[in-house]
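Down below is the structure, laid out as C-alpha cells.
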Amino acid sequence: SALILGHKNPDSDSIISAIACAHLYKQRGLDVVPAAQGTPAPETAFILERFGLEAPEIVTSVAGRDVTLDYSDKAQAPADIDECNLKGIVDHHKLGDVTSTAPLECIIWTAGCTNTILKRMYDYMALKSRQHRRRHRSCAI
C-alpha cells in the first residue's frame, strides 16, 4: 500500500487529513493507508477516540515506498525522503523543496488546513464523505 504521510510533529490536521485523504483515494480505487511521523497529541487522540478512528501507523522511513505528503518541505520529512516514490502532495503551506522523479498529483492551495483542501477535493471529484468523516475533519481545522 502507498502511504498518505503527514508532517513531523503531527498536529490534528496532519493526522486527520492523512485518514481523510486515504479514504478519498480509496474511493478513487487506490491502495493507500494513512501514516504519521509521531504519536497523536492529546487533542488528536480525543478526536480519534470520539469518532472511533484508529491512529495511523507511525512511519519513520519511506525509502522505496509510494508516498503522498501533506507538506512539501524536506525539513518536515523522514531523512530518506529522496528515496521514496513521491506520488502526490496535498498541502496548504508554501511550496517547499521536495522533488519527484516522475509527474505527480500536486494540490497546494491557500487554505487554513489540509482538511479544507480535502473537502474541496471530495466536492470536485463528486465523491461521498459520510457525516462522521465530515465531523472529524471539522475538528482538525
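The values are calculated or read from the model by the stated rules, or taken from the named source; none is laboratory data. Quantities reported herein were computed from a predicted structural model and do not represent experimental measurements. Glycine gets a Cβ as well: all are built from the backbone with ideal geometry, and neighbour counts include every protein chain shown. The accessibility values were calculated without ligands, DNA or RNA, using every heavy atom of the protein model including side chains. Shrake-Rupley method; radii C 1.70, N 1.55, O 1.52, S 1.80 Å.
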Express in nm, to one decimal, how much length is gained between Ala45 and Thr110 on full extension, taking 0.36 nm for each residue of separation and deducting their alpha carbon distance. 20.7 nm
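Find the accessible area per residue for the chain; the probe is 1.4 Å, ligands and nucleic acids are left out, and the unit is Å². Write down the numbers at each step before the final one.
Working: 7360 Å² over 141 residues.
That works out to 52 Å² for each residue.
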Given the peptides 27-36, 113-122, arrange them by the average over their residues of other C-beta atoms within 10 Å, most packed first. 113-122, 27-36
Note down the nm distance, to one decimal, between modelled labels 7 Å out along Cα→Cβ at Ala79 and at Ser1. 2.7 nm
Specify which residue in the list Gln37, Ile19, Ala63 is farthest towards the positive end of the charge dipole of the chain, using unit charges on the beta carbon of Lys, Arg (+1) and Asp, Glu (-1), about the Cα centre. Ile19
So who's got an amide H within less than 5 Å of the one on Asn85, skipping anything under 5 residues away but keeping other chains? H placed 1.01 Å off N, in plane. Gly64, Arg65, Asp66, Val67
Using packing as a proxy for protection, rank 77-90, 10-23 so that the peptide with the highest average count of other Cβ atoms within 10 Å comes first. 10-23, 77-90
J(HN,Hα) series, the stretch 36-50, from Karplus relation 6.51 cos²θ - 1.76 cosθ + 1.60, nearest Hz, glycine and proline x: 9, 9, x, 6, x, 5, x, 5, 6, 4, 4, 4, 4, 5, 4
Keeping every protein chain in place, order Tyr124, Tyr71 by accessible area at 1.4 Å, biggest value first, i.e. largest first. Tyr124, Tyr71
Percent RCO, i.e. relative contact order, over the chain, from Cα pairs under 8 Å lying at least 6 residues apart: 25 percent
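Once you charge only the Cβ atoms, +1 for Lys and Arg and -1 for Asp and Glu, what is the size of the charge dipole of the chain about its Cα centre, to the nearest 20 debye? Before the final figure, lay out each step's value.
Numbers: 16 positive and 17 negative charges, 154 e Å.
Computed about the Cα centre, the dipole is about 740 debye.
So, counting K/R as plus one and D/E as minus one, what does the shell of residues with Cβ under 10 Å around Asp66 add up to?
Spelling it out: positives minus negatives among the neighbours equals +1.
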Residues whose built amide H sits under 5 Å from the amide H of Asp80, excluding neighbours closer than 5 in sequence, are Val62
Would you mind checking which residues have amide H under 5 Å from Val32's amide H? H placed 1.01 Å from N; only 5 or more apart, or other chain. Ala2
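Where the accessible area of the chain is counted over protein heavy atoms with a 1.4 Å probe, how much of it, in %, is carbon and sulfur?
Carbon with sulfur: 51 percent of the solvent-accessible area.
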First check a/c for the stretch 25-84, with a ≥ b ≥ c the square roots of the eigenvalues of its C-alpha gyration tensor; if it is under 1.5, answer rounded, and if not, answer prolate when a/b is larger than b/c or oblate otherwise. oblate
Report, in degrees rounded to the nearest 10, the 0 to 90 angle that the Cα long axis of helix 114-124 makes with the longest principal axis of the chain. 80 degrees
